[in-house]
Amino acid sequence: MAQIPLLIANWKMYGNRSTNQQLLAKIKVCINSSHAKIPVSVVILPPAIFLEQTTSLLKGSTIAWGAQNMASEEKGAYTGEIAGAMLKDFGCRYVLLGHSERRQHFGETDVQIARKFALAKQLGLTPILCVGESLADYQAKKTMKVIQQQLQVVITSFGFSAFQNTILAYEPIWAIGTGLSATPETAQTVCSQIRQWLTQGDHSLADKLAILYGGSIKPENAKSLFSMPDIDGGLVGAASLDAQAFLKIYEALPKSFTKPVSNLKIESD
Ligand code: PEP
């Protein structure tokens, strides 16, 4: 379990400079002023082109930021790609990897994702690694089989210690952007099974690992999802674009989190 809950906003390919500014202004005021009462690590993942704007608007606040993707190569002739080092240059602490929309629409493979994962870690970026099953796999009760395969590539290449300073997000594909959330019980079962499975490699690491749930989190279902013992917070897509909804989700996070330590940082630069 993480030391404090995490709330990550994935803006996907939405927003413009004007709407970003309004959205960040609203959430910044509220989150900064309530941070003592609700100690949560909040991370915003805007489209990369808005990282400069995000950096300047969030600098000095308690909110951190990161990117939705990064290149699997360090640098070079890779037109259109964004290197991890460039993300660092913009003050990113986090990078989302293996989101199902990247796997589905851009053909990202587990092997590419593992490569990005390694590069991110080398650079000191915290990977937020997404895992999750399709509807067909869910119906065929293959959820854990799929997730184990997704995790195994990273483990085979880098061992269980790769999950040190990493965030995992369980995101059932059938629940992303569909309005159809996993029930808190289902999300809890899967997050707990992931933790249990990782226990075989490193018990104490698995215990401290931040495992989030993502998939149509809304103000209406946030509290029940976040009250589950193996869910350490949320990865929020659509609802993170609406300040009021996002703040309600933030307020639904547990106020006291008495779990052991994860060394993820809270403050942004
Ligand atoms: C996501 O993009 O990771 C996500 C969970 O989206 P949504 O909340 O819209 O389902």
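Points to keep in mind about this one:
- Neighbour net charge for Phe50 - beta-carbon separation under 13 angstrom, K R +1, D E -1: +1
- Translational diffusion coefficient (Stokes-Einstein; Kirkwood radius from C-alpha pairs) of the stretch 153-225 at 4 °C, 1.567 mPa s, in µm²/s: 98 µm²/s
- Screening the chain for whole DSSP H helices with an alpha carbon extent of at least 18 angstrom along the helix axis and a mean Kyte-Doolittle hydropathy of at least 0.5 yields 143-158.
- Three-way shape call for the stretch 1-70 based on the alpha-carbon gyration tensor, with the a/c threshold at 1.5: oblate
- Seen from Phe160, the other residues with C-beta closer than 14 Å to its C-beta sum to a net charge of +1, counting Lys and Arg as +1 and Asp and Glu as -1.
- Taking the empirical scaling 2.2 N^0.38 Å for compact globular proteins as reference, the chain has a Cα radius of gyration ratio of 0.92.
- For the residue pairs Lys26/Lys223; Lys26/Lys255; Lys12/Lys218; Lys88/Lys141; Lys59/Lys121; Lys12/Lys248, the C-alpha atoms sit more than 28 angstrom apart in Lys88/Lys141.
- For the pair His203 and Phe158 in one chain, pulling the backbone fully straight at 0.36 nm per residue adds 14.5 nm over the alpha carbon distance.
- In the chain, the DSSP-assigned H stretches of four residues or longer account for a calculated mean residue ellipticity at 222 nm of -12500 deg cm²/dmol, using -39500 (n - 2.57) per stretch and the full residue count as denominator.
- When the chain is treated as a Gaussian network with alpha carbon springs shorter than 10 Å, the biggest mean-square fluctuation among Ala118, Ala25, Ala206 belongs to Ala25.
- Relative contact order [Cα under 8 Å, 6+ residues apart], the chain, whole percent: 26 percent
- Met144/Gln104 FRET efficiency (R0 35 Å; Cβ-Cβ; nearest 0.05): 0.95
- Between Lys75 and Met13, the FRET efficiency estimated from the beta carbon spacing at R0 = 30 angstrom works out to 0.80.
- About its Cα centre, the dipole of the chain is roughly 360 debye, where the only charges are +1 on Lys and Arg Cβ and -1 on Asp and Glu Cβ.
- Dividing the C-alpha radius of gyration of the stretch 50-140 by 2.2 N^0.38 Å, with N its residue count, gives 1.19.
- For the chain, built as a Gaussian network whose Cα springs stay under 10 Å, the top-fluctuating residue of Ile31, Ile231, Ile49: Ile49
- Listed residues Thr79, Thr109, Thr143, most fluctuating in the chain (Gaussian network, C-alpha, under 10 Å): Thr79
Read-outs: derived from the displayed coordinates by stated rules, not from any lab. As the structure is a prediction and not an experimental result, all values here were calculated from the model. All Cβ positions, glycine included, derive from the backbone under ideal geometry; neighbour counts span all protein chains shown.
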